[in-house]
């Protein structure tokens, strides 16, 4: 790429396993701190950061490939991740190809859960955060606004969002398949955020009665518990009372695991005839991976749920083709507008080439 312009780099679930994604994930505070740090990078004109369970992506406008490399190096330094190792997982696109990718992300085509609704709000949130920091300009403003229009059009005119397309629904369907009937199961939800709320709703819609909510902020646990007629558990009691539950769902934003293998082993000794079922929806993960090695304990994480959701994706492959064709047409039209009204007018070369790197 001889000149930069509108660029995208990052990594997604398609390139990086869960263990890598959790090392690269930026929480809201981390993303804000990084963007403040990058504000001083010479040649970086615009920037928005999208960080979710399935991806970390940087969208921006830069004067040169060297500027983009400095952004990448700053990100890797913050995450204590070698630039050379990051290159083995990296997705790098420019111009129209980057626009097309963003369209597909917002529409849910590039998601682990095909057609999921959450990603649309996450893209909007990333753009809003960049706007608040005055990090957007004519290119990102136009690209993101057109992204939202394109994603809504595809969701309206195709069946891409039909079926169980949220991580909460897939998780609860998995529990239902294993237990058969959820009416007598005791469920502990760790985390009272958006995913925790959606998971509680999904469990109740499938017959679950006994729900308990635990959050690092007890008032949040109380609020969610009240909403669903559930109980609230002080967070510091979560490990000591594991034996009381059949299903434990992790969806906190904690920087480290909140359920240890030691605590799970102690819990299963108190209930040797009854298995413990863990669903980890968090990134970074809430539950130590070694929990899966304990007898009569079953652990599923985000990548495991994605494999289950692939069956749903296969049934809707024709809708993916239709949706991608619609987005390709819209991406091409938008890029022609950007070139004519922004790139040439500012004297900024906006490359239409694409570079996909795996190191």
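The values are calculated or read from the model by the stated rules, or taken from the named source; none is laboratory data. The structure presented is a predicted model; accordingly, all values stated were derived computationally and were not measured. Every residue, glycine as well, gets a Cβ built from its backbone with ideal geometry; the counts of neighbours run over all protein chains shown.
The condition (being without any contact (Cβ under 8 Å) to a residue 60 or more places away in the chain and in the same structural domain as residue 16 (by TED's automatic domain parsing)) is satisfied by just one residue among 156, 88, 136: 156. Residue check: is residue 39 in the same structural domain as residue 141 (by TED's automatic domain parsing) and either at pLDDT 95 or above or surrounded by 23 or more Cβ atoms within 10 Å (Cβ to Cβ) (or both)? It is false that residue 39 is in the same structural domain as residue 141 (by TED's automatic domain parsing) and either at pLDDT 95 or above or surrounded by 23 or more Cβ atoms within 10 Å (Cβ to Cβ) (or both). Restricting to segment 232-251, name every residue that is over 17 Å from residue 269 (Cβ atoms), surrounded by 14 or more Cβ atoms within 10 Å (Cβ to Cβ) and either modelled with pLDDT under 95 or touching a helix residue (DSSP H, G or I) at 6+ places or on another chain (Cβ under 8 Å) (or both). Within segment 232-251, 232, 233, 235, 247, 249, 251 meet the criteria.
Restricting attention to segment 122-132, does a residue exist that is in a loop (DSSP other than H, G, I, E, B) and free of Cβ contacts under 8 Å to residues at least 60 places away in the same chain? Reasoning before the result, please.
Step one: list which residues in segment 122-132 are in a loop (DSSP other than H, G, I, E, B), which gives none.
Within segment 122-132, none of the residues are in a loop (DSSP other than H, G, I, E, B) and free of Cβ contacts under 8 Å to residues at least 60 places away in the same chain.
Restricting to segment 101-117, and then to whatever is in contact with a strand residue (DSSP E or B) (Cβ under 8 Å, 6 or more places away or on another chain) and surrounded by fewer than 24 Cβ atoms within 10 Å (Cβ to Cβ), can you tell me which residue is nearest to residue 320 (Cα to Cα)? Looking at the filtered set, the residue picked out is 110.
When the helices (runs of 4 or more DSSP H) confined to segment 166-252 are screened for residues that are without any contact (Cβ under 8 Å) to a residue 24 or more places away in the chain, those reaching at least 3 such residues are found at 218-228.
Here 44, 26 are screened, and the one residue that is touching a strand residue (DSSP E or B) at 6+ places or on another chain (Cβ under 7 Å), within 28 Å of residue 338 (Cβ to Cβ) and at pLDDT 95 or above is 44.
With the requirement that a residue be in contact (Cβ under 8 Å) with a residue 40 or more places away in the chain and outside any strand (DSSP E or B), what does segment 60-70 give you?
First, the residues of segment 60-70 that are in contact (Cβ under 8 Å) with a residue 40 or more places away in the chain: 60-65, 67-68.
Hits for segment 60-70 are 63, 64, 65, 67, 68.
Report whether or not residue 279 is assigned to a strand (DSSP E or B) and surrounded by 15 or more Cβ atoms within 10 Å (Cβ to Cβ). In short, yes.
Residue-level check: of (1) in contact with a strand residue (DSSP E or B) (Cβ under 7 Å, 6 or more places away or on another chain); (2) free of Cβ contacts under 8 Å to residues at least 24 places away in the same chain, residue 7 misses just (2). Residues in segment 79-93 that are assigned to a helix (DSSP H, G or I) and exposed (fewer than 14 other Cβ atoms within 10 Å of the Cβ): 83, 84, 85. In the list 48, 16, which residue meets the criterion of being within 27 Å of residue 335 (Cβ to Cβ) and either free of Cβ contacts under 8 Å to residues at least 12 places away in the same chain or surrounded by 22 or more Cβ atoms within 10 Å (Cβ to Cβ) (or both)? So the residue among 48, 16 that is within 27 Å of residue 335 (Cβ to Cβ) and either free of Cβ contacts under 8 Å to residues at least 12 places away in the same chain or surrounded by 22 or more Cβ atoms within 10 Å (Cβ to Cβ) (or both) is 48.
Taken over segment 145-181, the criterion of being closer than 14 Å to residue 100 by Cα and either surrounded by fewer than 22 Cβ atoms within 10 Å (Cβ to Cβ) or modelled with pLDDT under 90 (or both) is satisfied by 145, 146, 148, 149. Applying the set (1) surrounded by fewer than 16 Cβ atoms within 10 Å (Cβ to Cβ); (2) touching a residue at least 24 places away in the same chain (Cβ under 8 Å); (3) more than 23 Å from the chain's Cα centre (by Cα); (4) at negative phi to residue 255 leaves exactly one unmet item: (3). Exactly one residue out of 341, 290 is exposed (fewer than 15 other Cβ atoms within 10 Å of the Cβ), at pLDDT 90 or above and part of a helix (DSSP H, G or I), and it is 290. Looking at (1) farther than 20 Å from residue 300 by Cα; (2) surrounded by fewer than 15 Cβ atoms within 10 Å (Cβ to Cβ), which is the only condition residue 274 fails? So residue 274 meets the others, but not (1). Checking 323, 309, 267 one by one, the residue that is assigned to a helix (DSSP H, G or I), under 26 Å from residue 185 (Cβ atoms), at pLDDT below 95 and touching a helix residue (DSSP H, G or I) at 6+ places or on another chain (Cβ under 6 Å) is 309 and no other. Being out of contact with any helix residue (DSSP H, G or I) (no Cβ under 9 Å at 6 or more places or on another chain) and either crowded, with 17+ Cβ neighbours inside 10 Å or at pLDDT below 95 (or both) is a description that does not apply to residue 136.
Suppose we filter segment 20-45 for residues that are free of Cβ contacts under 8 Å to residues at least 24 places away in the same chain and within 23 Å of residue 88 (Cβ to Cβ); how many remain?
Restricting attention to segment 20-45, the residues satisfying the condition of being free of Cβ contacts under 8 Å to residues at least 24 places away in the same chain are 29, 40.
Retained after the next criterion (residues that are within 23 Å of residue 88 (Cβ to Cβ)): none.
Residues in segment 20-45 being free of Cβ contacts under 8 Å to residues at least 24 places away in the same chain and within 23 Å of residue 88 (Cβ to Cβ): 0 in total.
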